[in-house]
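*Asks:* So that we are looking at the same thing, I have put the structure below in structure tokens.
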Amino acid sequence: MLSDQLKLTLPTTDELPCSDDTPVDNEDQNFLPNLLLFLLNSIWTNRMDWFFGVDMAVYHTTGVSPKVPVVPDGFLSLGVERKKGGKSRKSYAVWEENQVVPILALEMVSHTPGDEYDQKLEIYRKLGVLYYVIYNPEFWQRDRQQPFEVYKLIEENYQQQIGEPYWMPEIGLGIGRCQTVFGGIQQEILSWYDEHNKRYLTSEEQVQQERQRAEQLAQYLRTLGVDPNNLPST
């Protein structure tokens, strides 16, 4: 717990930068975390007790200074307001969130190595982030790692987990990779999964699925000699 004196000296998020102004070096660093956010908006539409930040500064008191943030590519916090005080957050300060630290942090490895496997891992460990996900589809061999890794904080140390998609009971979601067509392009994305390892579909995929069902129904009606475009009214 923070002392009352320390609370009085901590800056507010209105006084702190929203990020560290370090530009992303590939489009997926912005696209994939935002895709996870959009999926959560669909999965947890009626829940108001979560927040998913993308490239947003997380300020905390476990580092060299509360004014020096860590900036995950994406992070999830539970037990906080989706809109803090009804407004959008500029940044995430743990001391303004009832000491709720992110339960999950996501880092996507850059063209230029960014200390995801050592320095940032240690920052998240000290902060107490339960799950740390590292996505490294292009440079995993260079870094002598795996393309997709999930670490769980167990007895104050991270232990790499096995299985994909990986189910996180404390969150009620699984996370993993998949191949899909998004925006007309075949590509690998990150996605959320349910407890049965069934992937939550994007809105684009849901529309495509409904279109395919309608086409299948129309074809079935034609085999029965029924014109699907000229159905009798009831």
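*Asks:* Residue check: is I185 at pLDDT 85 or above, of a type in the set (A, V, I, L, M, F, W, C) and surrounded by fewer than 14 Cβ atoms within 10 Å (Cβ to Cβ)?
*Replies:* For I185, the condition - at pLDDT 85 or above, of a type in the set (A, V, I, L, M, F, W, C) and surrounded by fewer than 14 Cβ atoms within 10 Å (Cβ to Cβ) - is met.
*Asks:* Looking only at region 24-63, count every residue that is modelled with pLDDT under 90 and either touching a helix residue (DSSP H, G or I) at 6+ places or on another chain (Cβ under 9 Å) or crowded, with 16+ Cβ neighbours inside 10 Å (or both) and tell me the total.
*Replies:* Counting residues in region 24-63 that are modelled with pLDDT under 90 and either touching a helix residue (DSSP H, G or I) at 6+ places or on another chain (Cβ under 9 Å) or crowded, with 16+ Cβ neighbours inside 10 Å (or both) gives 4.
*Asks:* Filter region 182-195 down to the residues that are of a type in the set (A, V, I, L, M, F, W, C) and either touching a His at 6+ places or on another chain (Cβ under 6 Å) or in contact (Cβ under 8 Å) with a residue 12 or more places away in the chain (or both) and list them by number.
*Replies:* Of everything in region 182-195, those that are of a type in the set (A, V, I, L, M, F, W, C) and either touching a His at 6+ places or on another chain (Cβ under 6 Å) or in contact (Cβ under 8 Å) with a residue 12 or more places away in the chain (or both) turn out to be F182, I189, L190, W192.
*Asks:* Note down all Cβ pairs under 8 Å where the first residue falls in region 104-128 and is under 21 Å from G176 (Cβ atoms), the second is hydrophobic (A, V, I, L, M, F, W, C) and in a helix (DSSP H, G or I), and they're at least six residues apart or on different chains.
*Replies:* L106/L36; M108/L32
*Asks:* Ok, one more. Which count do you get for residues in region 135-155 that are modelled with pLDDT under 95 and closer than 22 Å to T62 by Cβ?
*Replies:* Number of matching residues: 0.
*Asks:* Being of a type in the set (G, A, S), closer than 21 Å to L40 by Cα and in the same structural domain as Q29 (by TED's automatic domain parsing) is true for just one of G174, G163, G114. Which residue is that?
*Replies:* None of the others qualify; the one that does is G174.
*Asks:* Within region 158-172, is even one residue under 19 Å from L32 (Cβ atoms) and of a type in the set (S, T, Y)?
*Replies:* yes
*Asks:* Something else about it: Across region 122-140, what is the number of residues that are surrounded by fewer than 18 Cβ atoms within 10 Å (Cβ to Cβ) and under 23 Å from F31 (Cα atoms)?
*Replies:* Qualifying residue count for the region: 4.
*Asks:* Here's something else I'd like to know. Residues in region 197-212: is at least one among the aromatic types (F, W, Y) and closer than 18 Å to R47 by Cβ?
*Replies:* Within region 197-212 (the criterion being among the aromatic types (F, W, Y) and closer than 18 Å to R47 by Cβ), the answer is yes, since at least one residue qualifies.
*Asks:* Hey, another quick one. Could you list, in sequence order, all residues of region 69-95 that are of a type outside the set (S, T, Y), surrounded by fewer than 21 Cβ atoms within 10 Å (Cβ to Cβ) and touching a residue at least 60 places away in the same chain (Cβ under 8 Å)?
*Replies:* Matches in region 69-95: L78, R89, K90, W95.
*Asks:* I would also like to ask the following. Might you check whether a residue that is closer than 22 Å to Y151 by Cα and surrounded by fewer than 17 Cβ atoms within 10 Å (Cβ to Cβ) occurs anywhere in region 100-107?
*Replies:* Scanning region 100-107, I find at least one residue that is closer than 22 Å to Y151 by Cα and surrounded by fewer than 17 Cβ atoms within 10 Å (Cβ to Cβ), so the answer is yes.
*Asks:* Just the residues that are in contact with a strand residue (DSSP E or B) (Cβ under 6 Å, 6 or more places away or on another chain) and outside any loop (DSSP other than H, G, I, E, B), please, taken from region 74-93.
*Replies:* G74, F75, L76, S77, L78, Y92, A93
The values are calculated or read from the model by the stated rules, or taken from the named source; none is laboratory data. Not measured: the values here are computed from a predicted model. Neighbour counts run over all protein chains shown; Cβ positions are idealised from the backbone, glycine included.
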